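What follows is a single structure, written as structure tokens, with notes after it.
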Amino acid sequence: MENKKDIRSLTFDRLGAELEKMGEKPFRAKQIFKWLHDKQITEISEMTDISNALRERLDEEYSLKTLKTVAKFVSKVDNTIKYLFDIGDGLIIESVLMRYSYGNAVCISSQAGCRMGCTFCASAIGGLERSLSAGEMAEQIYRIQRDTGERVSSVVIMGSGEPLDNFENVLDFLDIIHSPLGNNLSHRHITLSTCGLVDKIYELAEKDLQITLAISLHAPNDEIRQRTMPVAKKYDIDSVIKAAADYAQSTKRRVTFEYALIKGVNDSAENASELASRLKGKLCHVNLIPVNDVKEHNYIKSSEKNIQSFASVLRARGIETTVRRRLGSDINAACGQLRRSYMKDKALGKKGAATVKI
């Protein structure tokens, strides 16, 4: 059967509805969902407490998508692991495992490529190839857990792609990964990063999911933001900050503003002061990110002096501020970098190593 539904992408309620149409008892949904999202099987045939007849029917009507690891890079600096996964049709996505004192975090992709076009992001170069299903998002976590034998305790939807541009599939993923029958991951341990699709931020707030919202702001005003982020031509900075404030008020969850510091573009003391004025009194904190060099746009990261000076201005104005620690810097662990390098090598006919420790 062509274009079969991915059974791993079905929420528990939808799985139950599909099985009911097949004439199955309600308890079957619980059994099958646990196989998919607790035991995280890779073949329908592994459901050993399901009859052969039902397994055959499921196999006929549904697919069970798994990801193929095409490259794995382990940092010798901090043991961060970057994975490149093949999702079919020659498309590659990336995921990153980051180890912290409080547990393992995984940064997952929500799309192959991205249509947003932010000039400092390697993921946007080449545009959007396709959105990922809920099952493909979950499978990134499951694949990493199977590979390491370690549980993931938090998830950041901040790899390639704009999550709110894949809204319905992301909502299904959040439902699936949160289920106590599956991975049972608290929404409070999930961060969703968006470049600021204002209408979707309001839609997300209405769901009251208790996830952390991170907004890629990257500029203190519309002039700079429009130069670096095409989405800013549709949503001005005031509307983005207001949507964030409304999200925080509605969910009682502090919003993170991501700010990539680009030398000579948005990293002056004046930029910091203007940003502080816009954010004064908001339930938020600012995460400063030393930008990763993007050769295509001649961007280089700010000096350490400028980074610390920028942070000092914000803190002096009462804005809680952190500087992101760069993980996996020796393996190009930032969004889109490794995937783009791999795709270039593939186009040139070079063979990548399955596992590389550098």
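The values are calculated or read from the model by the stated rules, or taken from the named source; none is laboratory data. Here the structure is a predicted model, which is why all the values come from computation and not from measurement. When we count neighbours, we look across all protein chains shown, and the Cβ atoms used for this are built from the backbone with ideal geometry, even at glycine.
Residues of region 115-134 that are in contact (Cβ under 8 Å) with a residue 60 or more places away in the chain and part of a loop (DSSP other than H, G, I, E, B): M116, G117, C118, T119, F120, C121, I125, G126, S133. Scanning region 1-25 for residues that are over 23 Å from Y142 (Cα atoms) and among the aliphatic types (A, V, I, L, M) returns M1, A17, L19, M22.
In region 290-327, the qualifying residues are those that are part of a loop (DSSP other than H, G, I, E, B) and modelled with pLDDT of 95 or more, and the one that is farthest from E270 (Cα to Cα) is E320.
Region 1-67 holds no helices (runs of 4 or more DSSP H) entirely within its bounds that carry 3 or more residues that are touching a Phe, Trp or Tyr at 6+ places or on another chain (Cβ under 6 Å). Of the residues making up region 8-25, at least one is buried (at least 19 other Cβ atoms within 10 Å of the Cβ), under 17 Å from D172 (Cα atoms), within 30 Å of the chain's Cα centre (by Cα) and basic (K, R). Against the numbered list (1) exposed (fewer than 15 other Cβ atoms within 10 Å of the Cβ); (2) farther than 23 Å from I141 by Cβ, R28 comes up short only at (1). Name the single residue that is nearest to K207 (Cα to Cα) among those in region 245-285 being among the acidic types (D, E) and surrounded by fewer than 21 Cβ atoms within 10 Å (Cβ to Cβ). Ranking the candidates gives D246 first.
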